[in-house]
Amino acid sequence: MLKTLFRLSSPVLLVMLSIFRADAETLKVRASRFIDGDTFGLSVRLIGVDTPETRFPGKPPEPFGKEASRFLRKLLAGTTLRLEFDQDAVDRYGRLLAYVFLPDETFLNALLVCEGYARASTHPPNIKYADLFRQLEREAREAQRGLWGILDPQPGDGQETRPNSVLAHEGNLYGSEGCRERTRR
């Protein structure tokens with residue numbers, strides 16, 4: 001996987017590789033800049049999940065997008081993370097594709113889906129955790145957590161939402177205790 005990264009000529013990837021400590025299939029990275037609810041740092045895109053868009057040119061933020069971005073920002077700011085790769089390590093935009101683990105080994109991608117901040121969105125060949133993401137999404141839908149608690153959301157209406165389940169755990173950076181425990185490795 002890292003061999004693929006070394007073949008790329010992107011200056012961003014070269015800088016990243018000089019900064020991060022690497023082992024066979026993972027990198028350690030300190031979170032800093034946040035793009036939206038599923039992209040951060042020097043363009044690390046979370047594999048297998050999709051949060052509502054907040055920065056789509058010419059369109060207002062999608063419902064629950066601001067909440068997903070805020071959750072990611074609060075959770076990751078200044079944190080050292082472990083990135084795990086699947087079959088494709090870089091997407092067509094030059095972003096690193098990764099499964100992300102917090103210092104306590106909470107699986108961030110899964111936590112976002114479990115809490116209802118993201119939908120499961122897997123694309124071959126990066127499908128290592130596809131079944132887990134689909135199961136967590138089903139559970140979040142049934143419990144009406146996060147974006148699943150919005151009644152009749154209108155895509156692109158730009159409204160900042162506060163659905164029925166959001167967020168009883170707002171003060172807890174890791175979200176609800178149940179999801180945190182379910183997504184810890």
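The values are calculated or read from the model by the stated rules, or taken from the named source; none is laboratory data. Keep in mind that this is a model prediction, so the values were computed, not measured. Cβ atoms come from the backbone with ideal geometry, glycine included; neighbour counts cover every protein chain shown. With ligands, DNA and RNA removed, areas are computed over all heavy atoms of the protein, side chains included. Shrake-Rupley method; radii C 1.70, N 1.55, O 1.52, S 1.80 Å.
List of remarks:
- Of all residues in the range 76-86, those being at pLDDT below 90, open to solvent by 10 Å² or more (accessible area, probe 1.4 Å) and not polar (S, T, N, Q) number 2.
- If you go through the range 31-46 and pick out every residue that is at pLDDT 70 or above, in a loop (DSSP other than H, G, I, E, B) and surrounded by 20 or more Cβ atoms within 10 Å (Cβ to Cβ), you end up with 2.
- Any chance residue 99 is modelled with pLDDT of 95 or more, touching a Phe, Trp or Tyr at 6+ places or on another chain (Cβ under 7 Å), more than 19 Å from residue 71 (Cα to Cα) and of a type outside the set (S, T, N, Q): no
- Residue in the range 86-131 that is nearest to the chain's Cα centre (by Cα), counting only those that are among the hydroxyl-bearing types (Ser, Thr, Tyr) and part of a strand (DSSP E or B): 99
- Restricting attention to the range 47-64 and to residues that are surrounded by 24 or more Cβ atoms within 10 Å (Cβ to Cβ) and in contact with a strand residue (DSSP E or B) (Cβ under 7 Å, 6 or more places away or on another chain), the residue that is farthest from residue 137 (Cα to Cα) turns out to be 47.
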